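The values are calculated or read from the model by the stated rules, or taken from the named source; none is laboratory data. What you see is a predicted model, and the numbers here were worked out from it, not measured in a lab. Cβ: placed from backbone, ideal geometry, glycine included. Neighbour counts: every protein chain shown.
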Amino acid sequence: MNQQAPSHQHRLPPADRGRSQDKGRDEVIIRAALELLADKGYRDLTMTDVASRAGVSKATLYRRWTAKADLVADAVATLRPMSAPRYPGTSLRDDLIAFIDQAGRCEGSPPVVTATMEMARSHPDLFQTLTERFRVYVRTELQELATRSAETGHEPLPKDKLDVLSDTVVALLAHHTGPVGESIPVERLIALVDHVLLAAMAGHPFRRVKSDHS
């Protein structure tokens, strides 16, 4: 699935970033940004420092990124990419649980990624950029799952409802991870699926069927 770019993103399109043989400079710049992020933190990191550490001109850097927040977001995304999970495909519920589990998992992230997420809480530009990219990721995956759900006979999910659902998921995940980015207990993730996502996407919440012996 191709992730759509956020509308406010300052990352320039490939055609405007220089010749194709210069693509290797992107990796050099990203590496320099990560090193400086670990050394200085987001507040003291400057685009001038990144250009100097990468050994490129400021013009080369600004042809690729015009805002520090977008450069940092792209840099940390190389360490913790937002990708689709391996969906089991057994049911909409199982696929939603697989997605929410991956979206809400924080352990295993490199220290610089965790530190950057914490820094974002006191830097509105970085917070907005990271939040918007996460929202696009969530919306893209939910749209894919909603499309599959409609193909199996459920009502299609209107765009406005998909937008609200995406914002709700982002807000709930952000709330439950807390200020230090702790992973969400699996029980809460399942409750989110059963009582929010399934109700919106399949038209009903999940109900466990009691057996004759229960």
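Annotations for the structure displayed:
- Within the range 46-68, residues that are assigned by TED's automatic domain parsing to the domain that holds Arg25 sit with their Cβ atoms under 6 Å from residues that are part of a loop (DSSP other than H, G, I, E, B), at 6+ positions apart or across chains, in these pairs: Arg63/Arg17; Arg63/Gly18; Arg64/Arg17; Thr66/His10; Ala67/His10.
- Each residue in the range 77-100 was checked for being part of a loop (DSSP other than H, G, I, E, B), within 26 Å of Pro111 (Cα to Cα) and β-branched (Val, Ile, Thr), and 1 pass.
- Only one of Phe127, Phe99 that is modelled with pLDDT under 95, surrounded by 15 or more Cβ atoms within 10 Å (Cβ to Cβ), touching a Pro at 6+ places or on another chain (Cβ under 7 Å) and assigned by TED's automatic domain parsing to the domain that holds Pro185: Phe99
- One residue from Arg80, Arg86, Arg93, Arg17 being under 25 Å from Tyr137 (Cβ atoms), modelled with pLDDT under 95 and exposed (fewer than 15 other Cβ atoms within 10 Å of the Cβ): Arg86
- Which listed residue is modelled with pLDDT of 95 or more and touching a Lys or Arg at 6+ places or on another chain (Cβ under 6 Å), from Ala51, Ala69, Ala33: Ala51
- Selection status of Ala146, small (Gly, Ala, Ser) and crowded, with 17+ Cβ neighbours inside 10 Å: yes
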